[in-house]
Amino acid sequence: MDIALRDIHIQKLKEMIDYKKNELRDRYSQIRESSRENALLSGVVDDYSKYYSEILKKRRQQEESLITLRDYLESIKTMISLSDEELAELNVERVNTMERLENVKREIQSLLDM
């Protein structure tokens, strides 16, 4: 029961994070539009741009790390003799890594589309 409640709480937190990300993206678009008419907003736009550049940089580093991890997990399968249980665990970890990598790639694309 506790695990189910924890999972529900985690899902709600993820939804809140996504909502805040979208809200921040919308504000950035609005301020960028408004800055064309109001030069005083250019500093705010610059701050948003720096923030998104930093996030993009971190996501690209994360992508590189996940690719390295994925490649390492693949090499373990061929280099080391593994039991069936170890091989199953390795495959689960590889799938999880691939899912995280795809999420990071989507985030990067989302940042680039702004």
Do we find a residue being within 14 Å of LEU111 (Cα to Cα) and either touching a strand residue (DSSP E or B) at 6+ places or on another chain (Cβ under 6 Å) or aromatic (Phe, Trp, Tyr) (or both) anywhere in the stretch 17-33?
yes
Within the stretch 81-94, restricting attention to residues that are acidic (Asp, Glu) and surrounded by fewer than 14 Cβ atoms within 10 Å (Cβ to Cβ), which residue is farthest from ASP46 (Cα to Cα)?
ASP84
Report whether or not ARG106 is assigned to a helix (DSSP H, G or I) and surrounded by 12 or more Cβ atoms within 10 Å (Cβ to Cβ).
no
Please find, among THR78, THR97, the residue that is of a type in the set (Ser, Thr, Tyr), part of a helix (DSSP H, G or I) and exposed (fewer than 10 other Cβ atoms within 10 Å of the Cβ).
THR78
Only one of these is within 25 Å of MET114 (Cα to Cα) and of a type in the set (Asp, Glu): GLU74, GLU15, GLU93. Name it.
GLU15
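Conditions (1) touching an Asp or Glu at 6+ places or on another chain (Cβ under 6 Å); (2) among the charged types (D, E, K, R); (3) in contact (Cβ under 8 Å) with a residue 40 or more places away in the chain; (4) at negative phi, marked per residue:
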| residue | (1), (2), (3), (4) |
| --- | --- |
| ASN38 | no, no, no, yes |
| VAL45 | no, no, no, yes |
| TYR51 | no, no, no, yes |
| THR78 | no, no, no, yes |
| GLU89 | no, yes, no, yes |
| THR97 | no, no, no, yes |
| VAL104 | yes, no, yes, yes |
| ASP113 | no, yes, no, yes |
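Every number here is computed from the coordinates shown, using simple stated rules; none is lab data. Note that the coordinates shown come from a computational prediction; the quantities given were computed from them, not determined experimentally. Positions of Cβ are generated from backbone atoms using ideal geometry, with glycine treated the same way; all protein chains shown enter the neighbour counts.
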